[in-house]
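Derivation of every value follows stated rules applied to the coordinates shown; laboratory data play no part. A quick note: this is a predicted structure, and the numbers were derived from the prediction, not measured. Don't worry about glycine lacking a Cβ; one is built from the backbone with ideal geometry, like all the others, and counts go over all protein chains shown.
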Amino acid sequence: MTGLDARVVVRRPAFTLDVTLAADPGEVLAVLGPNGSGKSTLLGVLAGLLRPDEGHVRVGDELVTDAAARVLVPPHRRGVGLLAQQALLFPHLSAVGNVAFGPRAHGVPRREAEQRARELLAAVGVAELADRRPARMSGGQQQRVALARALAPDPHLLLLDEPLAALDVDATPAMRSLLRQMLRGERFDRPKQTAVLVTHSALDALVLADRVVVLTGGRVVEQGPAREVLARPRSPFTARIAGLDLVPGTACPEGLRTADGVVVTGRSGDGAALPTPGEPVVAVFPPSAVAVFAERPHGSPRNVVPVRLAAIEPRGDMVRLRAAALPGGPHWVDGLAADVTPAAVADLAVEPGAELWFAVKAAEVAIHAAD
């Protein structure tokens, strides 16, 4: 049995989504991608809210969508639960009434549905709110109730659409931990939950997901185990959310050659030989490895590139300097970041628009195949 098996093709005048997904029972699949990459459209098809132009969706043993056969099982009958950014609780119902709604809609007797609801509310840590309406709950409390409501009908597939994005910083860690426990079957004596998680957060993907799929322009550009994809990104978007710098190009004996001919020296990210010259590769390095100079540095071997300072961003105890391309300079420096101390920024005495030099040692640059 397959937890999820889907091929989704949706055509729009200026956009086409063409994605194949599969998840084993109990597996959590994170879907990442920039705005406009197709994540919401994909969720709409999985939930039964959109009919694809081609493809199919199979949840468990049931075929719930088949474009060729014109099969489209309605959302409430396909065994799919949804937890979105906003809790979207029924304002006129108590917490227990909200959670019991799903089982009741599936024919479960009132007493049994309410008993299940109270057990789930206890499992998500808000048993004391059972008789309280949403208006008298905090955002974090509402989201816990919404999680219990999504799980109450025992869905075969749980869709998580940025479930932590609307929470404040105090509520987010507790809710993330709770989600992990519920998905892993560590609470309420539940089996592991098959789920698709849409998120922009690398931390959410690492904590909650087994595997990651990255969408760009309606296509899958990266996929694999969550830690591997985020530690060794192959696309600019993945590198950005993982907090890494990325430079695309083709392999050369020294490491990587960019499209405009600049050589970036580095080491193999796999611990083996560098890819064959001419193959597409990416160079990846942390912003903390980038040194910043007001004038071109000399001395130990470095990768050195001129940039224009685009932004200065506070990052806890560090400051992130974001680069942009100089007129006539290499375009691939756009978005590169360097993490430096506040003292270093003071010594540089620069503001956005200043011309600087970014430098990174070859030993800090990992070269990965870009496929």
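Could you state the orientation-averaged shadow area of the convex hull built on the Cα atoms of region 219-371, in nm² to one decimal?
Values: hull surface 38.7 nm².
Seen from a random direction, the Cα hull of region 219-371 projects 9.7 nm² on average.
About its Cα centre, what dipole magnitude does the chain give when the only charges are +1 on Lys and Arg Cβ and -1 on Asp and Glu Cβ, stated in debye to the nearest 20?
Numbers: 40 positive and 40 negative charges, 217 e Å.
Dipole magnitude for the chain comes out near 1040 debye.
Can you grab the distance from the C-alpha centre of region 241-308 to the C-alpha centre of region 83-99, Å, no decimals?
50
In vacuum, with every alpha carbon of region 325-371 counted as one equal point scatterer, what does the Debye formula give for log10 I(q)/I(0) at q = 0.18, 0.20, 0.27 Å⁻¹? Two decimals, please.
Each listed q corresponds, in turn, to -0.79, -0.92, -1.24.
Using Cα-Cα distances under 8 Å and only pairs 6 or more residues apart, what relative contact order does region 243-371 have, in percent?
Numbers: 305 pairs, mean separation 43.4, N = 129.
With pairs under 8 Å counted, the relative contact order is 34 percent.
Under Stokes-Einstein, with the Kirkwood radius over Cα pairs standing in for Rh, what whole-number D in µm²/s applies to region 291-371 at 10 °C and 1.306 mPa s?
On the way: Rh = 13.3 Å.
D = 119 µm²/s.
Among ALA135, ALA346, ALA205, which one moves the most in a GNM of the chain with springs linking Cα atoms closer than 10 Å?
The residue that fluctuates most here is ALA346.
Please list, ordered by chain and number, the residues whose modelled amide H lies under 5 Å from the amide H of LEU88; skip anything fewer than 5 residues away on the same chain.
none
Remind me, relative contact order of the chain in percent, using alpha carbon pairs under 8 angstrom and six or more residues apart?
On the way: 815 pairs, mean separation 55.7, N = 371.
Normalised by residue count, the contact order of the chain is 15 percent.
Output the direction-averaged projected area (hull surface divided by four) of the convex hull of the alpha-carbon atoms of region 1-156, in nm². Each step should come with its number before you reach the end.
Details: hull surface 41.9 nm².
With the hull built on Cα positions only, its mean projection is 10.5 nm².
Any idea what diffusion coefficient region 154-221 gets from Stokes-Einstein, in µm²/s, Kirkwood Rh on alpha carbon pairs, 25 °C, 0.890 mPa s? Walk me through the numbers before you get to the answer.
Details: Rh = 13.0 Å.
It comes out at roughly 189 µm²/s.
Give the Rg (one decimal place) followed by the Dmax (whole number) of region 198-262, computed from C-alpha coordinates and expressed in Å.
Calculated on Cα positions, Rg and Dmax stand at 13.3, 40 Å.
Could you give the length gained by full extension between SER138 and ARG184, i.e. 0.36 nm per residue of separation minus their alpha carbon distance, to one decimal place?
Numbers: separation 46, 0.36 × 46 = 16.56 nm, distance 2.56 nm.
The SER138-ARG184 span can extend by a further 14.0 nm.
Express the Stokes-Einstein translational diffusion coefficient of the chain in µm² s⁻¹, to the nearest whole number, given a Kirkwood radius over alpha-carbon pairs, 20 °C and a viscosity of 1.002 mPa s. Can you show the working numbers first?
Values: Rh = 22.9 Å.
For the chosen part, D equals 93 µm²/s.
Could you work out the longest stretch of the chain that avoids the GluC sites (Glu not before Pro) located in DSSP loops with at most 16 other Cβ atoms within 10 Å?
Numbers: sites that count: GLU186, GLU254, GLU295.
Longest run free of exposed loop sites: 1-185.
For LYS361, LYS39, what ranking results if the residue with the fewest other Cβ atoms within 10 Å of its Cβ goes first? List each step's numbers first, then the result.
Values: LYS361 16, LYS39 24.
Ranked by crowding around the Cβ, least crowded first: LYS361, LYS39.
Magnitude of the Cβ-charge dipole of region 243-371, K/R +1 and D/E -1, about the Cα centre, nearest 20 debye? Intermediate values should be presented prior to the final figure.
On the way: 9 positive and 15 negative charges, 29 e Å.
The dipole magnitude comes to about 140 debye.
Which one, GLY328, GLY33, GLY125, has the greatest fluctuation when you compute a Gaussian network model over the chain with C-alpha springs under 10 angstrom?
GLY328
Hey, quick one: spin label on VAL304, modelled 7 Å out along Cα-Cβ, who in region 352-367 has an amide N within reach, i.e. under 18 Å?
Once the point is set 7 Å along Cα→Cβ of VAL304, 355-365 turn out to lie under 18 Å by backbone N, inside region 352-367.
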